[in-house]
Amino acid sequence: MTIGTTENPLRVAIIGAGPTGFYAADALLKNKDVVVEVDMFDRLPTPYGLVRGGVAPDHQKIKSVTKAYDRTAKKDEFRFFGHVELGKDVSVADLRNYYHQIIYSYGASSDRKLGIPGEDLIGSRTATEFVAWYNGHPDYRDYEFDLSQERVAVIGIGNVAMDVARILCRTQEELMKTDIASHALEALKNSKVKEVYVIGRRGPAQAAFTNTEIRELGELTAADAFVVPEEAQLDALSQQLLDESTDRMTKKKVEIIQSFIPNKRTDKPQALTVRFLASPVELIGDENGQLKAMRLVKNELYQSKDGSLRPRATEQFETLSVDLLFRSVGYRGLPIEGVPFNDSWGIISNDGGRVVDYETKAVITGEYAAGWIKRGPSGIIGTNKPDAVATVKLMMEDLAAGKTLTPAHPTAAEAEAFVKQQQPQYFTYEDWLKLDEAELAKGKEQGRPRVKFTKIEDMLAVKSA
């Protein structure tokens, strides 16, 4: 029987309910030539991935993208199975038994290390866990961060690093207007942080943060923003490339950065300094193993064979006193049992989106990757849409060529019965909408956008109420 008809729909499992998963679902369900049924799985009861658990709470406008995901989720051919963990509740072998195609779009939830001495000192933490903590991710809600420390460094110069620095400098009044987790709101109220340093290994023209992110640092209510004048000036190579470039966004970014050069200290209680062309080479602790300082090396840029500018260390060093550090030098994906994985890159082994054997590069029939777990952690939320669409295009090509899985139980009813058997407490999208309504109601009571449930048991209680 032909797959993709009303009598025999193409059954697709999407693993991961973040932006990529929803973009893939949307592309599949908009296909007019093929009848598709999508089942989306996520190990959390809540959908939206990093939009809920990663986007900074003071960036509420960005979160409005979930309205588009909500429209996709309300289609009859879409089902959400939240609180169902692949590798625990169901296996990859199970999925192959119920679906014609599988898309892995579960992102990159682990972090990269600096690889320097002292990285495991008390006070040396990851931006990943801090972001998840203040966003109310259930896995991280009970983490603790010593915000009694006065000097904090954030290593990395992308948007996540900027988010961490900005949240550390927000006032209680500003945070009350966000959906930051209640436990983080309380902890930050008692914060003693006075100095924050954001440290990048390359120059201003190579900074990965957006213009909006750097501009916001100069608009903080309680923190003065600074750069080191000589670090904010472009080196000759960067200046030449920028002069020859038509990239107006980067030119504007450099302009914003350099506008901080004349800044002077005011009566604001905090100072936030963005550093360029510096890399940590060692973290230094006291006799109790508590972080106390960081040794930095000054970098210079050189032009590599591919024309890009890359940093290399000089012989100039400095020691910066810091008591708390967050590394934000990139995310990496985690493997799933039964799925080929490229450990050096931290992604599922794939060719353009088709999962392939890591050694032989042979295509694994019916299995695909999209988003960060396909290409690595790059781009913004919207970058994942064309990425997901590209993967779906390959899926349709393979369907047309008859290259799909041959599940023994290819119906929606059979899949639902199996999930119910494996995880009776799974969340439907209707369950999420009930939870969403409860969060919004709690937020309204407190004059906030929403107040998140951060414990799985509390979410289950709302579901069953």
> Failed condition for residue 350, given (1) touching a residue at least 60 places away in the same chain (Cβ under 8 Å); (2) surrounded by 21 or more Cβ atoms within 10 Å (Cβ to Cβ); (3) not small (Gly, Ala, Ser), with all others met?
Replying inline: (1)
> Is it true that some residue in segment 412-424 is in contact with a Ser or Thr (Cβ under 7 Å, 6 or more places away or on another chain) and at pLDDT 95 or above?
Replying inline: no
> Are there any helices (runs of 4 or more DSSP H) wholly within segment 3-94 with 1 or more residues that are closer than 18 Å to residue 374 by Cβ and aliphatic (A, V, I, L, M), and if so which?
Replying inline: 19-29, 50-53
> Of 401, 408, 412, which residue is more than 30 Å from residue 139 (Cα to Cα), in the same structural domain as residue 45 (by TED's automatic domain parsing) and surrounded by 12 or more Cβ atoms within 10 Å (Cβ to Cβ)?
Replying inline: 412
> When you go through 408, 388 one by one, which is the residue that is aliphatic (A, V, I, L, M), outside any helix (DSSP H, G or I) and in contact (Cβ under 8 Å) with a residue 60 or more places away in the chain?
Replying inline: 408
> Across segment 201-240, what is the number of residues that are farther than 22 Å from residue 381 by Cβ and either in a loop (DSSP other than H, G, I, E, B) or touching a helix residue (DSSP H, G or I) at 6+ places or on another chain (Cβ under 7 Å) (or both)?
Replying inline: 19
> residue 107 versus (1) among the small types (Gly, Ala, Ser); (2) out of contact with any Lys or Arg (no Cβ under 7 Å at 6 or more places or on another chain); (3) more than 30 Å from residue 409 (Cα to Cα): which is the lone unmet condition?
Replying inline: (3)
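A quick yes/no check of all residues on (1) surrounded by 19 or more Cβ atoms within 10 Å (Cβ to Cβ); (2) of a type in the set (Val, Ile, Thr):
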| site | (1), (2) |
| --- | --- |
| 184 | yes, no |
| 187 | no, no |
| 193 | yes, yes |
| 201 | yes, no |
| 226 | yes, no |
| 230 | no, no |
>> Being touching a Gly at 6+ places or on another chain (Cβ under 6 Å) and in contact (Cβ under 8 Å) with a residue 60 or more places away in the chain is the requirement here; does residue 20 meet it?
In response: yes
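The values are calculated or read from the model by the stated rules, or taken from the named source; none is laboratory data. Note that the coordinates shown come from a computational prediction; the quantities given were computed from them, not determined experimentally. All Cβ positions, glycine included, derive from the backbone under ideal geometry; neighbour counts span all protein chains shown.
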